[in-house]
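Structure first, then comments.
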Amino acid sequence: MPETVTPVPKPKKRKWRGWWLRQLHSWHWVSAAVSLMAMLLFAITGITLNHAASIGATPIVTSKEGTLAAPLRASLAKAPAADAALPAPVAAAVKQAVGVDPAAQPGEWSDGEVYVALPRPGGDAWVSIDRASGRITAETTDRGWISYLNDLHKGRNAGAAWFWFIDLFAGACILFTLTGLLLLQLHARHRPSTWPLVAFGLALPVIIAILFIH
């Protein structure tokens, strides 16, 4: 009879290492896929922000005027609470007249006018309404697409949705970095240059900050 060979069970340590490798690889590529395009955007705008002084841009300013209908002017006769938004029909009429939408935006109410500031990424805008005559004055400023992307990088005047997107993207980047670090640790014994390179990446910004930033 042939001799029966009893299989030798794999050590538990090796099984756990294989399981961790699979988990880390999965989380690493998932976080990379989620943050890929945003990471590219933020890397490019990091360069444009760093060289903002040398990137020329000529703002394009557009002014428009219109007149609010008499029935709508009546709704502006009495000043509401401070920083109240324009009534919805008035905001709709302003948008139709000058192409700028002040809906749901806080306004500055004075004795003679209502002023609504409308900052936006890559530009600015405002609307002023004379409460007596109904005259609408609006101005928009466009500083170009580089300024637009730079403001998205900073989260400047980009709204709540972009605010939460930045937090989500930052979380994905943290996960990508930490899983990458753990993968480095698991493969380090086969790659002797791993930790010297990691130490160099850590030390370089610290040395620059200590020696050259005052």
* What ³J(HN,Hα) values, in whole Hz, does the Karplus curve 6.51 cos²θ - 1.76 cosθ + 1.60 give for the range 117-128 when θ = phi - 60°, with x put for Gly and Pro? -> 8, 10, x, 8, x, x, x, 7, 7, 7, 9, 10
* Relative contact order %, the chain, counting alpha carbon pairs below 8 Å whose residues are six or more apart -> 22
* To do: Would you work out the charge dipole size for the chain about its Cα centre, treating the Cβ of every Lys and Arg as +1 and the Cβ of every Asp and Glu as -1, and quote it to the nearest 20 debye?
  => 1580
* Can you put K64, K15, K78 in order, fewest other beta carbons within 10 Å first? -> K78, K15, K64
* Structure fact -> Here the net charge surrounding G123, from other residues whose Cβ is less than 10 Å away from its Cβ (Lys, Arg +1; Asp, Glu -1), is -1
* Structure fact -> If one builds a Gaussian network model of the chain from Cα atoms under 10 Å apart, the most fluctuating residue listed among H190, H51, H25 is H190
* To do: Using only Cα atoms, tell me the angle between helix 12-50 and the longest principal axis of the chain; keep it within 0 to 90° and round to the nearest 10.
  => 30
* Asked: Once label points are set 7 Å from the Cα along Cα→Cβ at both S63 and Y115, what is their separation, rounded to one decimal in nm?
  -> 1.5
* What full-extension length gain, to one decimal in nm, is calculated for K15 and A88 as 0.36 nm per residue of separation minus the Cα-Cα distance? -> 19.9 nm
* Could you give me the percent of Cα pairs per 5 Å distance bin for the range 60-143, shortest bin first, beginning at zero and ending with the bin that holds the maximum distance? => 3, 16, 29, 27, 15, 7, 3, 0
* Asked: Using modelled backbone amide H atoms (1.01 Å from N, in-plane), which distant-in-sequence or interchain residues come within less than 5 Å of R135's amide H?
  -> L68, D130
* Relative to the longest principal Cα axis of the chain, at what angle does helix 145-154 sit, 0 to 90 degrees, rounded to 10? -> 70
* To do: Per DSSP H run of at least 4 residues, take -39500 (n - 2.57); add these up for the chain, divide by its residues and hand me the 222 nm value, nearest 500 deg cm²/dmol.
  => -18000 deg cm²/dmol
* Calculated FRET value between L204 and L182, using beta carbons and R₀ = 30 Å, to 0.05 -> 0.85
* **Whole-Hz couplings from phi, Karplus 6.51/-1.76/1.60, listed for the range 191-208; x for Gly and Pro** => 10, x, 7, 4, 6, x, 5, 4, 5, 5, x, 7, 6, 4, x, 5, 5, 4
* Asked: What ³J(HN,Hα) values, in whole Hz, does the Karplus curve 6.51 cos²θ - 1.76 cosθ + 1.60 give for the range 52-64 when θ = phi - 60°, with x put for Gly and Pro?
  -> 4, 5, 9, 9, x, 8, 10, x, 9, 9, 10, 10, 9
* To do: Please name which of I174, V90, L184 has its Cα lying farthest along the dipole of the chain towards the positive end, using unit charges on Cβ (Lys, Arg +1; Asp, Glu -1) and the Cα centre as origin.
  => L184
* Structure fact -> Between (1) 1.27; (2) 0.98; (3) 0.94, the structure-derived Rg/Rh (Cα atoms, Kirkwood Rh) is (1)
* Structure fact -> Rounded to the nearest 10 degrees, the helix 88-98 long axis (Cα) sits at an angle to the longest Cα principal axis of the chain of 90
* Asked: Got a sec? How would T58, T67 order by Cβ neighbour count within 10 Å, fewest to most?
  -> T58, T67
* To do: Quote the FRET efficiency, to the nearest 0.05, computed for K95 versus A160 with a Förster distance R0 of 22 Å and r equal to the Cβ-Cβ distance.
  => 0.55
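A short reminder: the numbers here are calculations on the coordinates, not readings from a lab. Since the structure is predicted, the reported quantities are computational estimates derived from the model, not experimental observations. As a convention, Cβ positions derive from the backbone with ideal geometry for all residues, glycine included, and neighbour counts pool all protein chains shown.
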